[in-house]
Amino acid sequence: MAWYALENIDEAIKESKDMLLPVDFMQLTKLALITFLIGGSGFNLPTGNYGGSNPGDSAGDLGLEDSELTSDFSQESIPDSEELSNAVTSMATASTTSIVFGIVLAIILFVGLPLLFLSSIFEFIFYRSLIDKEVKIREYFSRNIGRGFRYFLFRLVYAAVVLLTIGAIAFLAIESSPAFLLLVLALIPVFIVSSIFVGLTKDFILLRMMEENEALIEAWRSFWPTLKAEWKQILVYLFTKLFVGIVVGAVSVIVIIVFTIAVFIPVVISALLLSLVAEVLALIPAILGIIFWIAGLFYIGVPFRVYIYYYVILVYHDLTE
């Protein structure tokens, strides 16, 4: 019995070479942009009800003499400086917490969600670019907005469930509830199954949505018979992809380390030499080196991401043929 996950390890390398060689700088730049993207309100300030008294509600109108007010307003009712300081500190802490919460919420709403939506669309763009061996960002973007939006909603729902679960665990941990450990133990298999479900959705269901023009739920229904019939192949695929991911990650780290050394050695030497003329001149190679290093990281990641996605595509096609 042939195992698709093992057969396609070498085949994915061949497909990656066909896609990336000979080097087309413009296409490589587009792929770098795609891999980067598939990688991505107001403040809730506390308020009080500060209702002022009406002008007519003076002490005389209320039937109280000044002497009575003076006697009742004894020195004991005046808070001391420590109490005032604690009150001010508490208000400042609450205000700071609200501001931080507002900033985080604003970042999520105006940065996180748009990036998540874009990354959902660019998943399809990346798959289509590799299958067609041609990168057309504008054309593929318009084709996959609907699919990307459906995948975006799926990711939002999953993220909400994860956050609620984490919140429940944190609450039980803070309350020192005995149900804390039981909940954690019960969630371990749930976490494993849900991770597999999300992983298969990203790997196979997105491809099915794109190639068969199906919605996400419909694509899962169509893929389900394949999952049941080829469960051994998929199980081997999951373990093999985990191993391949570890190897690819290790190799990419080594490449990044070598690249970093190759960039910063001449940068440091240039900065030292220029600092002999004027210290401010040392900033020129430092800034240029950092910019070049960051740009290089995007390009370095392209071959590794291309390989992983080709591996997924090849296994999916073997499963569904």
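What follows draws every value from the coordinates through simple rules; no lab data is involved. All values reported here derive from a predicted model rather than from experimental measurement. Backbone-built Cβ (ideal geometry, glycine too); neighbour counts: all protein chains shown.
Using a Förster radius of 51 Å, what is the FRET efficiency between residue 222 and residue 268 based on their Cβ-Cβ separation? Nearest 0.05, please.
With R0 = 51 Å, the Cβ-Cβ based efficiency is 0.35.
Can you sort 1, 210, 26 by how many other beta carbons sit within 10 Å, fewest first?
1, 26, 210
What's the exposure ranking of 122, 149, 154, going from fewest to most Cβ atoms within 10 Å?
Neighbour counts put them in this order, fewest first: 149, 154, 122.
Under a point spin-label approximation (7 Å from Cα along Cα-to-Cβ), what is the residue 275-residue 115 distance to one decimal in nm?
Result: 3.3 nm between the two label points.
Taking a 23 Å limit on the Cα-Cα distance, which of the listed pairs 30/133; 14/228; 30/241; 136/241 fall beyond it? Walk me through the numbers before you get to the answer.
On the way: 30/133 12 Å; 14/228 30 Å; 30/241 26 Å; 136/241 28 Å.
With Cα atoms farther than 23 Å apart: 14/228; 30/241; 136/241.
For a quick check: sort 261, 205, 313 by the number of other beta carbons within 10 angstrom, fewest at the front.
In increasing order of surrounding Cβ atoms, one gets 261, 313, 205.
Take the alpha carbon gyration tensor of the range 250-304, find the square roots of its eigenvalues, order them as a ≥ b ≥ c, and report rounded if a/c is under 1.5; if not, report prolate when a/b exceeds b/c, else oblate. Please list the in-between numbers first.
Working: a/c = 5.45, a/b = 2.53, b/c = 2.16.
Prolate.
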